[in-house]
Every structure is written in C-alpha cells, then in structure tokens.
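Asks: This is the structure I want to talk about, given as structure tokens.
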Amino acid sequence: MAANRTLLMLPGDGIGPEVMGEVRRVIDWMDGHRAVGFDVDEDLVGGCAYDAHGVPLADAAMAKALAADAVLLGAVGGPKWETLPFSSQPERGLLRLRTVMGLFANLRPAIVFDALAEASTLKTELVAGLDILIIRELTGGVYFGEPRGIEELPGGGRRGVNTQVYTTEEIVRIGRVAFELARKRSGRVTSVEKANVMESGVLWREEMTRLHDTEYPDVALSHMYADNCAMQLVRRPKQFDVIVTDNLFGDILSDCAAMLTGSLGMLPSASLGAADATGRRRALYEPVHGSAPDIAGANKANPLATILSYAMMLRYSFDLGQEADLVERAVRAVLNRGLRTADIMQEAKTLVSTAEMGQAVIDEMAALSN
Ligand code: IPM
Ligand code: MG
C-alpha cells in the first residue's frame, strides 16, 4: 500500500466538473494498476461555492486546501456571477487560495505535441517541437498591490486604482525557481518586464541580474520588455526556453503561449509555494483554460489540460516521475491515434467527447503498461 497522500479536488464551475471527472477516472486507474493512491476529498470553489455558502471559497475548504498534500482545481467563473460585487466573484476564491497557500511560483509549460503542430494558428515550422516554460510570479504585483479600489471624485466621476509593487525578496525567490529549472532544461532564462517605463521593472531587472551574477552564472540570462516578448512569442517562439515574469505580464503572455500549442485546452499548470523544513511545498495544479460556460455540461470540453495538470502533480508534489511520464505518453498516443475534442479538431481526425477522450487516455495507459 502506498503511503497516504492527500489530495483535495476543487472542480469549480462550467466545464470544471466534467474535466475533473475524467481525471478522477485516471486517478482510480492509477490506484488500481500502479498502487498510486490518494485520499481524495472534494469541495467547492468559485460560483458554485458562492451559491452554496455565499462566498467563493468557504473557510472549511480553505482549511482543507492548507492541509492537503496537493490541490487539483478545474476552473472558476461564469456569466451567472459576473454582476456580483467584486469580493464575491468566483475569481476571488482562486486568488484567495493562491495567497493564503503562498503559491508564488506558477509554472506554465507550453509544449506542442507533434500531432497538433498543424492545429496551431501559426505556421507549422514555427511551432513544431516547441517546448517553453513560462514562470509567472503569482502572489505579488498589481494583482495584490495596495492601495487599490474605486473612489468617487469630489467633482463627479470616479477613480480606479491598482498598484504594481515588487520587493527584492519577491523577485529573488521567483528568479531562483527560474534559474533552477533552467539548469534542468537548456540553461536559458529570459526575464521579462517593462523597465523602460516602470520602476518596479527597473528593480526586477537589477535584482534578476544580481541573482544571476552571484548564484547562477552558468545559466544564460537575457532581458526583454513585455511588449516585445508578446511579439517575439508569435514571431519566433522557439527562441525561448524559460521565461520568468511578473503576475500580470505572466497572465497575458501565458495565454499567448498557450495558443501556440493549438488550444488553451492543452495547457496544464502548477502553482508552488516555498519548501518547508521537510522539503514539502504547498501546491495547486490547474488547467490554464477557464470555465468555458458556453460548452459546460455538453460533454465537449477537452480534459487533457487537467489530465496533464495531474501529471505535473505526480511529478512535482509526489516525485512520481515514471507515473507522470506514463500519463503524458498516453496523451501523446491518443493524439497520434487521431482523437480530437472539438477545440483541437482537424480535418480527417476523429471527433470525440470529453468522456471518450478520458477513456482513450486510460486505454493507452493500460496498453503502455503491458
Ligand atoms: C489565470 C486566470 C486568472 C488570473 C483569473 C481567473 C483570476 O486568468 O489563472 O491565468 O488572472 O490569474
Ligand atoms: Mg489568465
């Protein structure tokens, strides 16, 4: 019997429950065939939590997330909750998880599977073989900076304020994650900010440079302005290996990088906290895509980003590299067999539902294990 690993599943809203249902089946298969089991608990986050408890993340669910070895999240949000006051909106539930769990490092790999190279809106030769890693700072910057708010102006009209702010400590800890991971890859880091306009960007560049020179001189570091990076990502994406950037630029650039791979429905992510004395890190895994309310409940959503997020969980939280490889190889095999959900459908391929895609991954895992 495997040791008790605890996992909290937060399916959330929209297509979240459907894609998470497929992961649940993959988890059960792993438990039965590879003795990789979890004590799984489930709770609410987002709009569904608001409907049940009047808040987008109840304290009980927050406490479970803090206690779990890992959290797997589907997606949050939808038109039903868009008119709620800001503090009750589904997204606040996700942001609370990130802050309270201290998940400062968000890893968003953008990998183009061979079978999908032609599904990209970019020319195949630009994206074939693409494998980049965006590392987004997740608990600082303009998402959380104070002061913030909307105020009435004396003469009429209002003023909306957010604050972009970074400290040395915040920059250095995300920089370390980037340099360490780059050492396991091709050893190149591009640090992205707007040092030509923003003081927080000047500081970001200086601290990254100092960290590089003192601790990681073996890694190749370059700097790029965020607008140029957006342009370079669609012009010549393979020039990048690891990109490290702040919370807001990381949000934008990772959506951009996601589309290089053919669909937002393919991208997993990991959000990690600092290691404690025992080496354990708090961690949350989620697909980069949103709740896609337009197709929710239609059995059309692509479950692969969530299944790949589960693979990242096996690798980063539980050191189960072989099992993570098995899941990733099964996904690759399913795509090679020509199975496609609607978001990645191509001519002459086989259109499948959410559940059929999940089953196909399990069948491939079984075949690859024999
Ligand atoms: C993401 C999402 C979130 C973000 C939203 C849902 C709050 O876009 O994870 O990229 O902006 O961080
Ligand atoms: Mg985003």
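Asks: From the phi angles alone, apply the Karplus equation (6.51, -1.76, 1.60; θ = phi - 60°) to the stretch 291-300 and give each ³J(HN,Hα) in whole Hz, x where the residue is Gly or Pro.
Replies: After applying 6.51 cos²θ - 1.76 cosθ + 1.60, I find 8, 6, x, 5, 10, 4, x, 9, 6, 10 Hz.
Asks: Which whole-Hz couplings ³J(HN,Hα) result when phi for each residue of the stretch 71-88 is put into the Karplus expression 6.51 cos²θ - 1.76 cosθ + 1.60, θ = phi - 60°, listed in order with x for Gly and Pro?
Replies: Working through the residues one at a time gives 10, 10, 10, x, 7, 10, x, x, x, 4, 10, 5, 8, 5, x, 3, 6, 9 Hz.
Asks: Rounded to the nearest 5, what is the percent of antiparallel bridges among the DSSP beta bridges in the stretch 235-363? Let's see the in-between values first.
Replies: Numbers: 6 of 8 bridges.
Bridges in the stretch 235-363 that DSSP calls antiparallel: roughly 75 percent.
Asks: Where the only charges are on Cβ atoms (+1 Lys, Arg; -1 Asp, Glu), what is the dipole of the stretch 253-342 about its Cα centre, to the nearest 20 debye? Don't skip to the answer; put the middle values down first.
Replies: Values: 9 positive and 8 negative charges, 37 e Å.
In total the dipole reaches around 180 debye.
Asks: Given Cβ point charges of +1 (Lys, Arg) and -1 (Asp, Glu) and nothing else, what value in debye, to the nearest 20, does the dipole of the stretch 1-140 about its Cα centre take?
Replies: Details: 12 positive and 19 negative charges, 61 e Å.
Taking the Cα centre of the stretch 1-140 as origin, the dipole is about 300 debye.
Asks: While we're here: Sticking with the crude label model, points 7 Å out along Cα→Cβ, report the distance from Arg176 to Ser87 in nm, one decimal please.
Replies: Simple spin-label model gives 3.4 nm for this pair.
Asks: For the stretch 93-135, with the dipole built from +1 on Lys and Arg beta-carbon atoms and -1 on Asp and Glu ones, taken about the Cα centre, which of Val112, Leu97, Thr124 lies farthest toward the positive end?
Replies: The residue sitting most towards the positive pole is Leu97.
Asks: Another one. Can you give the Rg to Rh ratio of the stretch 322-370, both from alpha-carbon atoms, with Rh computed by the Kirkwood formula?
Replies: Numbers: Rg = 10.9 Å, Rh = 10.9 Å.
That ratio is 0.99, to two decimals.
Asks: Suppose we keep just the DSSP beta bridges with both residues in the chain; what percent of those would be antiparallel, to 5? If you can, show how the numbers build up before the last one.
Replies: On the way: 21 of 48 bridges.
Looking only at bridges with both residues in the chain, the antiparallel portion is about 45 percent.
Asks: For the stretch 125-166, divide the Cα radius of gyration by the Kirkwood radius and give the resulting Rg/Rh value with two decimals.
Replies: Numbers: Rg = 18.7 Å, Rh = 13.7 Å.
The Rg/Rh ratio comes out at 1.37.
Asks: Sketch the reach of a paramagnetic label on Leu126 as a point 7 Å from Cα along Cα-to-Cβ, and name the residues of the stretch 228-243 whose backbone nitrogen lies under 18 Å away.
Replies: Under cut-off, by backbone N: 228-241.
Asks: Moving to a separate point now. Starting from the Cα of Thr99, step 7 Å toward the Cβ, then list every residue of the stretch 245-286 with an amide N under 16 Å from that point.
Replies: Those under the cut-off are 247-248.
Asks: Is the shape of the stretch 1-158 rounded, prolate or oblate, going by the alpha carbon gyration tensor and its root eigenvalues a ≥ b ≥ c, with a/c under 1.5 for rounded and a/b larger than b/c for prolate?
Replies: Working: a/c = 1.99, a/b = 1.25, b/c = 1.60.
Oblate is the answer for the stretch 1-158, as a/c is 1.5 or above yet b/c matches or exceeds a/b.
Asks: Of all DSSP beta bridges in the stretch 97-244, what percent run antiparallel (nearest 5)? Don't skip to the answer; put the middle values down first.
Replies: On the way: 12 of 24 bridges.
Close to 50 percent.
Asks: Starting from the eigenvalues of the Cα gyration tensor, five times each then square-rooted, give me the equivalent ellipsoid semi-axes of the stretch 76-196, largest first, whole Å.
Replies: Values: eigenvalues 229, 93, 48 Å².
Equivalent ellipsoid of the stretch 76-196: 34, 22, 16 Å, largest first.
Asks: Let me ask something additional. Put a dot 7 Å past each Cα toward the Cβ at Val161 and Asp41; how far apart are the dots in nm?
Replies: Distance between the two pseudo-spin positions: 3.9 nm.
Asks: Once you have the alpha carbon radius of gyration of the chain, what is it after dividing by 2.2 N^0.38 Å, with N set to its residue count? Before the final figure, lay out the partial values.
Replies: Details: Rg = 20.5 Å, N = 370, 2.2 N^0.38 = 20.8 Å.
The reported ratio for this selection is 0.98.
Asks: Using the Karplus curve 6.51 cos²θ - 1.76 cosθ + 1.60 with θ = phi - 60°, work out ³J(HN,Hα) for each residue of the stretch 179-184 in order, rounded to whole Hz, and write x for Gly and Pro.
Replies: Values per residue, Gly and Pro as x: 5, 4, 5, 4, 4, 8 Hz.
Asks: Viscosity 1.567 mPa s, temperature 4 °C: Stokes-Einstein D of the stretch 50-136 from its Kirkwood Cα radius, in µm² per second? If you can, show how the numbers build up before the last one.
Replies: Values: Rh = 15.9 Å.
It comes out at roughly 82 µm²/s.
Asks: Continuing with this model, one more query. Debye calculation, C-alpha points only, no solvent: report log10 I(q)/I(0) for the stretch 191-290 at q = 0.10, 0.16, 0.18, 0.22 Å⁻¹, in the same order as the q values.
Replies: Debye intensities relative to I(0), on a log10 scale: -0.34, -0.86, -1.04, -1.24.
All of the numbers you see were taken from the coordinates with simple rules; none came from a lab. Model, not experiment: these values are computed from the prediction. For neighbour counting, all protein chains shown are included, and Cβ atoms are generated from backbone atoms with ideal geometry for every residue, glycine included.
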